[in-house]
Every structure is written in C-alpha cells, then in structure tokens.
Amino acid sequence: MKLIAESSTTRTEWALVDGCDIVEHAFTSGLNPFFQTRREISHSIRLELPEAFFRRRWEHLYFYGAGCATKEKNKIMESSLVAQFRTPVTVQSDLLGAARGLLVRRSGLACILGTGSNSCYYDGFGIVKTVKPLGFLLGDEGSGAYIGKHFVADMLKGLAPEDLTKAFFERFMTTPDELQADIYSDSMPSRALSRYSAFLVDYVDNAYVYRLVYDAFMRFFERNIIAYDYEENPLSFVGSTGMLFKKILLRAASDFGVDVAKVVRFSMPGLIEYHAAEQ
C-alpha cells in the first residue's frame, strides 16, 4: 500500500491506497516548509492525522506540497515525514501534484487556484515550463490570498461597499484595527487572507464583488497564462478558489480567449490513478 498526500498552505489531504482503492482518508491542516519548521510540521502531523496512518511501514509515501520547490525546503519536509512514518518518502511540488492530478499522463496546461496560484505546461511526465508565482506579496494572481488581500485593503481604506464591510466585521467579530494587526502578526498570512476571500462567495451578485474576483482572474491570465501556447492547450484548474468562484472564472477565461477543460476542487483522484499505474 502507498500513502499519498497533497498539501496546500491551508489543508492537507491524505489517502492510504491499495492500487486505486482508498483504505484510509483524512484531512489535516496545511503543511508548508516555507512557513513552518521541521518541528512544527511533525507536531501537526502527529496531532491531527488518525492513528491508522501510523500503524506500519507503508510501501512509499508521495507528498506533493506548497513550498516544496527547492532542495532545501524539500529536505525539511522529507525529514519530518520520514521521522513520523519510517517509510521511503518522495517530496514534490504542489504544482506537479496538480498537473498529475488533473492530467494524469496526458499533456496540457495545469493551474492551481487555491490559497495561492500557479501554472505550468505538463508533458505527461513532468513540468516542462512554468511561470514564477512569486507568492501573495508579489504574485499569486487569482488566488484566495490575492482576492482576500485586495478585499481587506479596500475595506480598511473605505473603498468596499459599506453594507459588505459591515457584514464582514459582524461575521468575523473583529474591528479594522484588530484585523490589520492580526494579518501582520500571522505566521501564515496568506491562509488568513484566503479565508477572508471565501466570505465573498455569498455576495457574488454584488457588482463590487463580481468585479474584484473577475479582475483577479483576468490578472492571472494576463500575467501567467499569456506565457503559454494556450490557444492549442485547454486549461485545467484545481483548487478551492477556482471552485468557489467557478462561474466567474469561466466567464473571465472566455473573455480572455482560453478554453477550460475542467475545474475541480481536489487533485487526489488523479494522483491515485497516476500512482496506481506504477504497479
């Protein structure tokens, strides 16, 4: 049996599989070596994952995660995982996980629209081309953190609709000063900003909200997808933000002139199919 994990900054999905059959399945908090130490990662895994995942040594653990894009960060994650599971481990980026989950062994353009955003051209085996996402401060266009950042900034500057702002502060039971302080003191601010963007799902009929989300997706296309041969390769999307605002995403894609093959919430079904074929 194999253990497959796919992690964003916000949540991690775990599946213990026997071929294509899921034996155990669970969700825990997101794991990201860019923001967390080895000790913090290990602590989160041990406290949140059910005991069934630790009962014996599995054949292999395949981990795909946000922040796992360099040898240094991958080593932090690998050390944490080996210490917990005593199983051979392969750590790869969340982008490769998205590509394999969306396309399995077919070629095409794979995109992440979750807490963060990313994109690549995948040839059915590996990533051939990508555009640097740059994180929520400099990039991550179209992501939950990107949308949340602009929404929060608009509220704090008095640019968002008054009724929407009032509803937000009532929902989260906070004040403008507390909100700003919390974001700047948060060890993983992109996670908080993405959570705030999800608040907007109930208000997509509001002209301000529609334009905010639409513009975020258009920025994703303009600053990322423009670099690929998108006219010959339909896009596939995975992630919570793409699913939550799917109708707006499809409208923006159509206006930009790209075809969308699929929009899904999770990569795991495709990852299970991908690794089952290795047997």
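Nothing in this text is a laboratory measurement; each read-out follows from the coordinates by a stated rule. This is a predicted model, so every value here is computed, not measured. In this analysis, Cβ positions are derived from the backbone assuming ideal geometry, glycine residues included, and neighbour counts consider all displayed protein chains.
Cβ-Cβ under 9 Å, sequence separation 6+ or interchain: first residue in region 253-265 and acidic (Asp, Glu), partner part of a strand (DSSP E or B). Which pairs?
Asp259/Leu235
Please tell me if Arg100 is of a type in the set (Lys, Arg), closer than 25 Å to Leu16 by Cα and under 16 Å from the mean Cα position of the chain (by Cα).
So Arg100 fits the description; yes.
Could you please find all residues in region 63-111 being crowded, with 21+ Cβ neighbours inside 10 Å and assigned to a loop (DSSP other than H, G, I, E, B)?
Hits for region 63-111 are Ala66, Gly67, Cys68.
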